[in-house]
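Q: For reference, the structure I am asking about is given below.
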Amino acid sequence: MKQIFNKILDFPQLVNQKVMNGKINSVVEEFDSQNGIRSYVKTIYQIAALVFLLLMEYRILKAALVFFSDPAETVIGKVGSILTLGLIAYSAFPIAHVIRSRGESLGGKHNGMVEFIFKDFVTTNIRIFGEVAAIAALFVAFNATLSFVFGASLFSTSSNSMLEMIGGLYSFPLTTATSLIASIPFLDLSVITNALHTFSGFVLDSAQDSSGWSKANLVMVTNSYINVIIGLAVLYVNLAIYNFLYSVVAALVSFIPKLAIPIAIRNKSDK
């Protein structure tokens, strides 16, 4: 009876070993939080880059079919749109490369999970969002240039909506910095906070469709290229602010445990 009872208790373990030789348990038990998590995150970004590329190309081709089948579009517009279609389709590759390469940078060694999550992971996503936005803005400028040259409305589309999930991380440093500055008592630093808000949202007037030979459209095309530089400037300001905030918080966290509290506790018998 006792042997039967023991066999019943050992039945889950027996099945686990027979089916997959206990590999799932071995993977979980041997998982290294120092290096394993980086390896898995690296793989996730590699998969995300491929998925982003395929989805972006699918959306571009789908939008192109709608554009070229529209009888309202002019012949010169469709001819010029062949060039813009090639440019936009190609833009998916450098964008996917940014996602993959920045994600792979997380695969190195780190000093701990706290630094990995609150520094490396956040700054990597800030870089991804800013660099992807800069690449997208550059191809928008190319599209505006071709639209100006052909003097017609050309095919254009955007497939960067999937990056909106990390948009909060991109704006987090400037938002946090302005909130901290505004919360300082007895000081009116509204000039600084207003300046940071203005800088983060500063974009020159531009348009993807700059059809027509005019001075105003030429200015729009020029502004499109300047916006690329402005976007990169905002990216590095965001990175600088976040690194500063992280270093301040890290210094406080390491300093607080070292504080010596001058309180002596004595028993009444010691007096």
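Q: Do we have Ser91 as of a type in the set (Ser, Thr, Tyr), closer than 25 Å to Ala233 by Cβ and touching a residue at least 12 places away in the same chain (Cβ under 8 Å) here?
A: yes
Q: Still on this structure: List the pairs whose first member sits in the stretch 220-240 and is within 20 Å of Phe148 (Cβ to Cβ) and aliphatic (A, V, I, L, M), whose second member is open to solvent by 50 Å² or more (accessible area, probe 1.4 Å) and in a helix (DSSP H, G or I), and whose Cβ atoms are under 7 Å apart, counting only residues at least 6 apart or on separate chains?
A: Val228/Leu138
Here's the yes/no breakdown for (1) among the charged types (D, E, K, R); (2) at pLDDT 80 or above; (3) under 22 Å from Ala63 (Cβ atoms); (4) part of a helix (DSSP H, G or I):
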{"residue": "Lys109", "(1), (2), (3), (4)": "yes, no, no, no"}
{"residue": "Phe121", "(1), (2), (3), (4)": "no, yes, no, yes"}
{"residue": "Phe129", "(1), (2), (3), (4)": "no, yes, no, yes"}
{"residue": "Ala137", "(1), (2), (3), (4)": "no, yes, yes, yes"}
{"residue": "Ser147", "(1), (2), (3), (4)": "no, yes, yes, yes"}
{"residue": "Ser158", "(1), (2), (3), (4)": "no, no, yes, no"}
{"residue": "Leu163", "(1), (2), (3), (4)": "no, no, yes, yes"}
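Q: Restricting the stretch 114-137 to residues that are of a type outside the set (D, E, K, R) and open to solvent by 60 Å² or more (accessible area, probe 1.4 Å), which is farthest from Leu218 (Cα to Cα)?
A: That would be Val114.
Q: List the helices (runs of 4 or more DSSP H) inside the stretch 1-98, counting only whole elements, that have at least 3 residues being within 23 Å of Phe155 (Cα to Cα) and modelled with pLDDT of 90 or more.
A: 36-68
Q: Moving on. Does the stretch 79-97 contain at least one residue that is in contact with a Pro (Cβ under 8 Å, 6 or more places away or on another chain) and surrounded by 19 or more Cβ atoms within 10 Å (Cβ to Cβ)?
A: no
The values are calculated or read from the model by the stated rules, or taken from the named source; none is laboratory data. All figures in this text were calculated on a predicted structure; none of them were measured in a lab. Glycine also receives a Cβ, built like all others from the backbone with ideal geometry; neighbour counts cover every protein chain displayed. Areas reflect the complete protein model, heavy atoms only, side chains present, ligands, DNA and RNA absent. Shrake-Rupley method; radii C 1.70, N 1.55, O 1.52, S 1.80 Å.
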